[in-house]
Every structure is written in C-alpha cells, then in structure tokens.
Amino acid sequence: MPDSETRPNKQDQQQPAETHQDVRRAVLEAETRRHFLRTLSGGLGTLFMGTLAAKYAPPAFAAVPSSEAALDFTRDASNPLSVLPPQFAAKARRVIYLHMAGAPSQLELFEHKPELTRLDGQDCPASFLAGKRFAFINGVPKLLGSQYPFHQTGQSGQWISDRLPHLEKHIDDLCIIKSMRTDQFNHAPAQLLVHTGNARLGYASFGSWVLYGLGTENQNLPGFIVLLSGGKTPDGGKQLWGSGFLPSVYQGVQCRSHGEPVLYLENPPSVSRPLRRSMLDVIDEINKQTYAEFGNPETVTRIAQYELAFRMQMEATDAMDIRKEPESVRARYASKPGEASFANNCLVARRLAERGVRFIQLYHWGWDSHGSAASEALNIGFVKRCSEVDQPIAALLDDLKQRGLLEDTLLVWGGEFGRTSMRENRGGQQMKFVGRDHNPGAFTIWLAGAGVKPGITHGVTDDMGYEIVKDPVEIRDLHATMLYLLGFDHHELNYRFQGLQQKLTSVKPARIVGEILA
C-alpha cells in the first residue's frame, strides 16, 4: 500500500486505487487476526500449563482454590490495618520468624555427614571449586568435617548435633528442610531475598505482605513487630522489614524488650494523656483535610501511626514487660529483664502472639563463622551463639504448645544461606581459627506449627553436604508455601506498582512444597 506522504510511481498508478474503506477494512482484518492469534496462543498456553500443574504438582498445590475475581484489599481510610479474610481457609493465623543473621553452619547443627568427617583435612576436590564464587576462599582449601558429634533422637530419628540439647527435645515437632538454596552469596542481598523475595532494595518484606493481606487483630499494637539481639543490625538493614512499594503503614515496627518498647513513645513529664489526645485530634483533622484534597495514601499512614502510638502507650509497655511473667517462666527461657537478649525477645514474641500480633520477626546477629576471629570461630563464637538461642527456642515451642498457640502459629528458623564443606582460607592461607565460607548452594531451615508435618526431613544433600541431590527448595518456594498456610495463592496476593502486579514470589515460577504440609 503506498505511503500517503510520497508520490505514487507509474506502476502504482496502473493499480486500482484503494479507497478509504479498503484501507480501513485491511487494518481491521489485520488487527482481528493478531488479536485472535494472540488470545488463542495465550489460551492454549494457559491450558497447557494448567495441565502440567495438575499432572506434576504435589496434592497440596493442586488443592489451592481458584479465584476468578481479583482479591479486594481496599479498606476504610481511617483503619488501614483492619482485618481482612484470607483467600481460602488458612492453617496459620500468625508467623514468628527467627532469623539467625550471618548464616549458621548446617554442618555443625543438622547435617550429619560422616564421609566429610572421614575426609577432614584433605584437599578440596577441583569439582567443588570449578565455576563457583566464594566470599573469601582462595586457592585449594581443605575439607572440614563437622566440629561436633551427631546422634539420632526422637521417635522420628532425626539427626542433630550436641550443640542444641534443649531444642533436641522438640525434634519431633520440627519439619527440617535440608535442601534450601539461594542465588546470593553475600549477606545483605541474601537476607533481602529471604525477607523480601528480591535481592535488591525497594521491595516489600514478607511481614508487610502478610499485614497488607490480612490486617491485624489487635489495633492497639503494630501488626508487624521486629526485635533485634546480638548487638548489631542485620547486614540487610531496616529494608528487611520495610514496606517497599506498599503503603508505609504496613512496614515493620522495631521494638525493644527492655525500657520503652519504642523510643519516645511515652509522653514528656509535662504532657498529660488528655492533652496528648487533644493535640492528636487537631493534627488528625489537618491530615484528614490534606487527604481529602490530595488523596495521598501516606497521609492516611501518618494518621494511623499517630493513633497507633497513642494506643500503644497503654498496651505496648504491658506486652513487652516480661517482669509480669512468673519467675518459673522466665527461668525456662533463661531471660533476664532489662537486657537486650534473644531470650527476652523469645518471651516477648510469645506475649505478642497471645495479643494478636500478626507477624513477629526476631533477628539474632553473630552467626557468620568465617574463623577470622574468636567471635567467628566454629569452636568459640559459634558455641556461644548456640547457647544463646537453644534454651529460649525450646521454651518458646513449649509455651506455644501448652497454650494452644502452636496449632495456628507458623514458627520458622533459619539463616540466609549455608556454609561450605571446606575450611575457609584467605589468600591461600589457613585461618588462625576454624571457620567456613558462605555456601548459597545448600542450607537448612526448619518450620513448626500450623499446617506443617512434624518430625520429618525434606531434601537431601550430597555426602559432603555441599550441593543438593534431591528435592531442592528455592526461597520463592518457601514463600509460596508460607503464604498458602496463611490462606493465599501467592499469585493473587499482589499490588500494582510500576505497571506490574508485584508479588512476594516475583516473576520466576514458584511451587508450594506440598510434601511438607500436614
């Protein structure tokens, strides 16, 4: 067809002239053909993928209810944290996530590898090094057997080392996944991937997604609370509990288990509670007028946070005050009021779970066992870290079970990646202390509680504990599984941002690990 902007040549002039109707008809026919082919291919592709999913997916995945209509997460602007129902019947009502920042060595805790112990001190095979990236290892390192003895225990007969004698008593409550893997080998991006589904900054954390989807039962406390111990903030920083592109009202609130739960929460000595209330009323009215004029959701967040802080003055201090627990209970946790400790945080976590907090995140720093100093040595610092968490976690499991909370609480323990089967060396030189480098290829987490099979092990690594040989589980698979237990298809829990329906599991395929579901 000739271009309307050019003069037709003689050959063109010899052809019958195309009318406006002819051109219009040709355009419509082309568009119709493209539309038909596009929708046909999409329909066939969807049908084909659906057939594969039904054929190969585990039963739990096949049982996920389908939803024709998009989920509605809209709320009254005055109450952005109000409770919403899950997409389908949920097993879990709340999550307690215990993250061991720095990545604990699975080979000293849950991975019994006698062949690695037999080869301790020998040169690492070349196949372990080819094409791999390490944070610090250079040259040819030595293989390093486990530093502690292992034994089987419980009715399930699962393997565990002697470093966790209290947790061992609950081995039949644990679902241990030994085949976790990640594509990140540095702490900050690996932690971001575990907690936001993406190794880059700017994405919403798991707790924020859960709070966005479900809201929180207790409007007098934050629905997503973060507690830190170990002396430092995790490498990923506060982005680990940030809301990313979600409204900031859904971000985690960092609290303390000693002193004021949140700094500057209490009124100054000269400000009474009625005076504070009247001040907030004026501020709220101004913010409401601003929201009515501009419609910025962050204005709603500001109103909600002012109001929440006012309500927290009454309830948060009580929830965080472990001195109100009987001495016998504090002794079981090995907690000491007034300290910033993991033990105190575990006891607070149970108190928060009782009060309807939706997502409780604990970070305990100090598990980066490179062997560059005594604090990072597998035979010194690692031992201290284990003793700091062993008894409190066992007490938390005890308490949740006794109070009937474990049946609808999902408890998760783990780090951001694993440790190598080789002893770390730097510059080709053996370290002064015993340690291991980062291993993204295989690590261990465990889950307990709501909807999870107790007393099982999922996944297998090779004889060296270095690579996965059966049932690998990606981070996004773990996220999809946890969301399923909370009552959501991970595809449907989404938020439109930058032209995409953003979701926790991102764009790569994710599966529900049906083999671990009760």
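Taken along its principal axes, the alpha carbon cloud of the stretch 263-321 reaches lengths of 40, 24, 15 Å, longest axis first. A simple rule links phi to the HN-Hα coupling: the Karplus curve 6.51 cos²θ - 1.76 cosθ + 1.60 with θ = phi - 60°, which for the stretch 134-147 gives 10, 5, 9, 4, 10, x, 10, x, 9, 5, 10, x, 4, 8 Hz, with x for Gly and Pro. Think of the stretch 366-485 as having a plus end and a minus end, set by charges on the Cβ of Lys, Arg, Asp and Glu; of 438, 406, 382, 382 sits farthest toward the positive end of this dipole. Toward the positive end of the charge dipole of the chain, with +1 on the Cβ of Lys and Arg and -1 on the Cβ of Asp and Glu, the farthest Cα among 184, 313, 244 is that of 184. Using Cα atoms only, what is the angle between the long axis of helix 20-56 and the major principal axis of the chain, expressed in degrees (0 to 90) to the nearest 10? Long axis of 20-56 versus the principal axis of the chain: about 30 degrees.
Could you tell me which of the pairs 132/178; 453/508; 91/508; 178/336 are separated by over 28 angstrom between their Cα atoms in the structure shown? Table pairs above 28 Å Cα-Cα are 178/336. Here the scattering of the stretch 431-503 is modelled by Debye summation over its C-alpha atoms, one equal scatterer each and no solvent; at q = 0.12, 0.16, 0.20 Å⁻¹ the log10 of I(q)/I(0) is -0.53, -0.80, -0.98.
Evaluated with a Cβ-only charge set (Lys, Arg +1; Asp, Glu -1), the chain carries a dipole of roughly 360 debye about its Cα centre, given to the nearest 20. Each of residue 374 and residue 140 was given a label point 7 Å from its Cα along the Cα-to-Cβ line. The distance between the two points is 3.4 nm.
Relative to the longest principal Cα axis of the chain, at what angle does helix 381-402 sit, 0 to 90 degrees, rounded to 10? Tilt relative to the chain: about 80 degrees. Accessible surface of residue 507, taken over heavy atoms with a 1.4 Å probe and every protein chain present, rounds to 130 Å². Cα-Cα pairs above 13 Å in the stretch 347-423: how many percent? Value for the stretch 347-423: 72 percent of Cα pairs lie more than 13 Å apart. Sorted largest first by accessible area at a 1.4 angstrom probe radius, with every protein chain in place, the residues 464, 180 fall in the order 464, 180.
More than 16 Å apart: what percent of Cα pairs in the stretch 284-366 qualify? Tail of the P(r) past 16 Å holds 63 percent of the pairs.
Given 20 °C and 1.002 mPa s, how large is the Stokes-Einstein diffusion coefficient of the chain in µm²/s, with Rh as the Kirkwood radius over Cα pairs? Result for D is 84 µm²/s. Only protein heavy atoms count here; under a 1.4 Å probe, residue 471 has an accessible surface of about 50 Å².
For the pair residue 78 and residue 402 in one chain, pulling the backbone fully straight at 0.36 nm per residue adds 112.9 nm over the alpha carbon distance. The solvent-accessible area of residue 401, taken with every protein chain present and a 1.4 Å probe, is close to 100 Å².
Accessible surface ranking for 497, 443, 1.4 angstrom probe, highest first: 497, 443.
Remark: accessible surface ordering of 115, 285, 474 (largest first) is 285, 115, 474, probe radius 1.4 Å.
The values are calculated or read from the model by the stated rules, or taken from the named source; none is laboratory data. All values reported here derive from a predicted model rather than from experimental measurement. Note: ideal-geometry Cβ built from the backbone for every residue, glycine included; neighbour counts use all protein chains shown. The protein model used for the area step is the full one, side chains on, heavy atoms only, and it has no ligands, DNA or RNA in it. Shrake-Rupley method; radii C 1.70, N 1.55, O 1.52, S 1.80 Å.
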